[in-house]
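To start, the structure itself, in structure tokens.
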Amino acid sequence: MAFVVGIDIGGTTVKMGIFEPEGKNLQKWEIPTDTADEGIRILPDIAASIDEKLKEMDLVKSDCLGVGVGVPAPVTKEGIVNGTANLGWKYKEVKKELEALCGLSAVIGNDANVAALGEMWQGGGKGKQDMVMITLGTGVGSGFIVGGKLIVGAHGAGGEGGHIRVNYQEEDICGCGNKGCLEQYASATGIVRLAKKKMAGETRETLLAKEEITAKSVFDAVKEGDQVAREVAEEFGEYLARGLSAMAAMSDPSIFVIGGGVSKAGEILLSYVEKYYKELAFFANRDVEFALASLGNDAGIIGAARLALDAVQ
């Protein structure tokens with residue numbers, strides 16, 4: 001029986017899954033990510049875990065079409081990583097090392113790109129070949145798919161939409177070292193930042209004054225009709241729409257799929273983004289669908305499995 005392995009490497013855990021070529025999940029599991037000593041044990045741990053699981057499931061490596069891997073860093077087409085924020089890796093030939101360790105062909109991609117591939121294949125963008133996925137979490141990640149294929153770029157940084165500059169007056173520095181990046185306004189931390197700035201001079205009664213401000217508490221207050229929270233959501237929506245309109249001008253998607261922790265606010269979040277997008281987008285890009293991601297934490301392993309399949313098809 002032919003199968004593929006999908007792997008999503010995170011800073012805390014490595015999620016793994018075994019899939020049939022049609023997308024059916026046969027098994028999924030996870031192991032801790034050992035980031036000590038510059039992450040030297042991450043890939044050996046993955047290879048050992050694959051061997052153990054295949055033995056447990058009575059599967060043979062000769063039936064494996066390949067291994068797909070999502071990594072939280074820019075990845076070159078050759079499967080090389082030149083540094084990660086939370087794995088401890090510096091320069092690492094991930095593809096070459098993993099293939100040597102597990103004896104299987106491997107394809108490596110950026111985790112946000114890989115999650116986008118998963119949502120296109122089995123999730124919120126199913127049936128679409130031209131898609132942008134935005135992941136709104138601690139940061140803002142994105143993946144661009146054109147004609148069913150990921151945009152990777154010369155340095156593995158294609159589709160880094162979170163670092164499109166959307167505010168040229170910003171004085172605070174983004175985590176990337178620049179100023180005014182989309183991530184500073186549309187991430188979970190960015191929404192909190194907008195809310196705290198709003199609250200600094202706010203005299204109106206608001207639910208935001210009654211508990212610790214989080215992205216969730218902002219949108220919970222929006223749902224309760226809180227005017228101050230709505231104004232924060234308006235600002236968030238306009239900034240995100242600025243970024244999306246720039247992305248659309250470059251890639252012309254048929255759908256934006258929005259995922260990550262912030263997207264748990266639901267359809268109300270989309271409403272704040274869509275209206276500004278229609279105002280800001282180039283006329284030829286305005287007819288775009290908006291949808292919420294639907295695969296949750298499985299998007300990475302599903303997309304990684306698809307990455308492996310695409311390499312052999």
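The values are calculated or read from the model by the stated rules, or taken from the named source; none is laboratory data. Since the structure is predicted, the reported quantities are computational estimates derived from the model, not experimental observations. With ideal geometry, Cβ positions are generated from the backbone for all residues, glycine too; neighbour counts draw on all protein chains shown.
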Exercise for the section: State which residue is surrounded by the fewest Cβ atoms within 10 Å (Cβ to Cβ) when the search covers only the stretch 155-185 and only residues that are in contact (Cβ under 8 Å) with a residue 60 or more places away in the chain and of a type in the set (A, V, I, L, M, F, W, C). Expected result: Ala157
Problem - From the options Ala284, Ala248, residue that is farther than 30 Å from Val107 by Cα, in contact (Cβ under 8 Å) with a residue 24 or more places away in the chain and not assigned by TED's automatic domain parsing to the domain that holds Val71 - result: Ala284
Handout entry: Which listed residue is in contact with a strand residue (DSSP E or B) (Cβ under 9 Å, 6 or more places away or on another chain), of a type in the set (A, V, I, L, M), closer than 20 Å to Asp310 by Cβ and surrounded by 20 or more Cβ atoms within 10 Å (Cβ to Cβ), from Ile108, Ile134
Key = Ile108
Completion exercise
For the stretch 76-98 the number of residues that are buried (at least 20 other Cβ atoms within 10 Å of the Cβ) and either aliphatic (A, V, I, L, M) or assigned to a helix (DSSP H, G or I) (or both) is 5
Handout entry: Tally, over the stretch 52-75, of residues that are surrounded by 15 or more Cβ atoms within 10 Å (Cβ to Cβ) and not in a strand (DSSP E or B)
Key = 6
Completion exercise
Filtering the stretch 74-111 for residues that are under 18 Å from the mean Cα position of the chain (by Cα) and within 20 Å of Ile18 (Cα to Cα) leaves a count of 5
Handout entry: Candidates Glu231, Glu235, filtered to the one that is touching a residue at least 40 places away in the same chain (Cβ under 8 Å) and buried (at least 16 other Cβ atoms within 10 Å of the Cβ)
Key = Glu235
